Amino acid sequence: MGIDSKIMKAVNILPGEKVHVLNYNNGERLETYVIEEKAGSGKFILYGPASIKGKTGDKLCILAYTFVAVEDARNIKPSVVILNKDNRIKHIHI
C-alpha cells in the first residue's frame, strides 16, 4: 500500500512496515506493507492483489503495531492522524 510519506512520518510508519487496512465502505480487512508515496501527495494506494479490496474515495483506517516487553506496554502512546477529505492532516493525536 502506498502512503503519502508526510503522513507516514507524522505517525512513525516506516517503508516496508506491515499494516492492517480496514475499509469502512465495504468491510474489507487486509494485511499488507507500506510503500512511500511523494510527500504532500495525499495518496493512499492499494497495489497488486490488495487493489481489489477498495476503490478511490473509500474511507480507510490503517493500523500499525509494535511489539514491546510487557513492562514497557503501559508507556506506549498511540499516534492517531485524522485527515480531511483531501487526505491532508487535520488533527494529530499523540
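Pairs of Lys residues in the chain that lie 8 or more places apart, or on two chains, and have C-alpha atoms under 17 angstrom apart add up to 18.
Charges only on Cβ, +1 for Lys and Arg, -1 for Asp and Glu: so what's the dipole of the chain about the Cα centre, in debye to the nearest 20? Intermediate values should be presented prior to the final figure.
Values: 14 positive and 10 negative charges, 71 e Å.
The calculated dipole for the chain is roughly 340 debye.
Close amide H partners of TYR33, meaning residues 5 or more places away or on another chain with modelled amide H under 5 Å apart, are VAL19.
When the Cα convex hull of the chain is projected onto planes of every orientation, the mean area is 6.3 nm². Each distinct pair of alpha carbons in segment 29-78 adds a 1/r term; the inverse of their mean, the Kirkwood radius, is 13.7 Å. Measuring nothing but how far apart in sequence close Cα pairs (under 8 Å, 6+ apart) lie, relative to its length, the chain scores a relative contact order of 31 percent. Return the whole-Å distance between the Cα centroid of segment 62-77 and the Cα centroid of segment 8-29. If we compute the Cα centre of each part, the gap is 16 Å. With the simple model of a label 7 Å out from the Cα in the direction of the Cβ, VAL68 to ILE89 spans 2.0 nm.
The numbers here are math on the coordinates, done by the rules we state, and not lab data. None of these values were measured; they are calculated from a predicted model. Positions of Cβ are backbone-derived with ideal geometry, glycine not excepted, and every protein chain shown enters the neighbour counts.
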